[in-house]
Ligand SMILES: [Zn+2]
């Protein structure tokens, strides 16, 4: 078997995107005058690597487990954090509880108000609530699964080592100030932007949805442009229902069930939704979202588990990508 054989041909674009991400960083290091212009493009590609990390954890990209492991390491660099962290907080937790009590990424942790201040700060409180789950997962791996623990250590080493190495390379080539700026513009800021935006997407995909409902637990964004640019990440409802299904198949799955999903949870444009919810609705409250169903903090865990077994089981057999 060829080491680079893909499980799904649509992932040729995944590889192209990761290749472009690396090439942009190399170009900026060769021609640092371009770095301020390249920075915004690097932010988009780093965000793409975040989406790719999400997809890769649910549905590994390559047939070879070893290649999947090294691919996880490469995308960790651009995404901004070792990708194994998706497993305890997303695959094993968010997909099980879907914004109900027990979800480490719950959108209503401080308040169920849905406004720009919550959207902007969600990254910070969600990160704090995800942190213990990540630590517990590492501890468990160390005690019970040395192979997995070794992979986690390698991911942290490659991720941190590459960032420190690229920072040092920039300083060696162009001096302290220019080197630091170069690293920040094409690696540091894009990585932070990617982490922050991925969490904002999670916030928008679940704020004010009905965690106990079969068809209203997620908000989807259907714009073809957005879904081309972000590997169908807008089709969030069907992603929850079919967590192990490849991203390229989500539009067809959505079309099959779209008549069952409330219209307000099928937004056409993410930009229009942001404009309406965060900038216009403070002046015209009738345009704002309303909590659908019972407020999520009032739901009992057993209510939730009765509606989620199919949603939570598929990804478990995929698990983290690992070497042979
Ligand atoms: Zn997911």
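Every number here is computed from the coordinates shown, using simple stated rules; none is lab data. Small disclaimer: the values here were computed from a predicted structure and weren't measured. Don't worry about glycine lacking a Cβ; one is built from the backbone with ideal geometry, like all the others, and counts go over all protein chains shown.
For the reader, a short list of remarks on this structure follows.
- Residue within region 104-113 that is free of Cβ contacts under 8 Å to residues at least 12 places away in the same chain, surrounded by fewer than 18 Cβ atoms within 10 Å (Cβ to Cβ), away from the ligand (no atom under 16 Å from the Cβ) and part of a helix (DSSP H, G or I) present: no
- Matching entry among 187, 182 (being part of a helix (DSSP H, G or I) and farther than 12 Å from residue 77 by Cβ): 182
- The number of residues in region 200-227 that are away from the ligand (no atom under 13 Å from the Cβ), part of a helix (DSSP H, G or I) and in contact with a helix residue (DSSP H, G or I) (Cβ under 9 Å, 6 or more places away or on another chain) comes to 6.
- Unmet requirement for residue 4, which otherwise passes all of (1) away from the ligand (no atom under 16 Å from the Cβ); (2) surrounded by fewer than 20 Cβ atoms within 10 Å (Cβ to Cβ); (3) assigned to a helix (DSSP H, G or I): (3)
- Evaluated against (1) touching a helix residue (DSSP H, G or I) at 6+ places or on another chain (Cβ under 7 Å); (2) touching a residue at least 12 places away in the same chain (Cβ under 8 Å); (3) away from the ligand (no atom under 16 Å from the Cβ); (4) not in a loop (DSSP other than H, G, I, E, B), residue 34 falls short on exactly one condition, (2).
- Any chance residue 88 is surrounded by 21 or more Cβ atoms within 10 Å (Cβ to Cβ) and either touching a residue at least 40 places away in the same chain (Cβ under 8 Å) or in a helix (DSSP H, G or I) (or both): yes
- Matching entry among 28, 53 (being surrounded by 23 or more Cβ atoms within 10 Å (Cβ to Cβ) and within 14 Å of the ligand (Cβ to nearest atom)): 53
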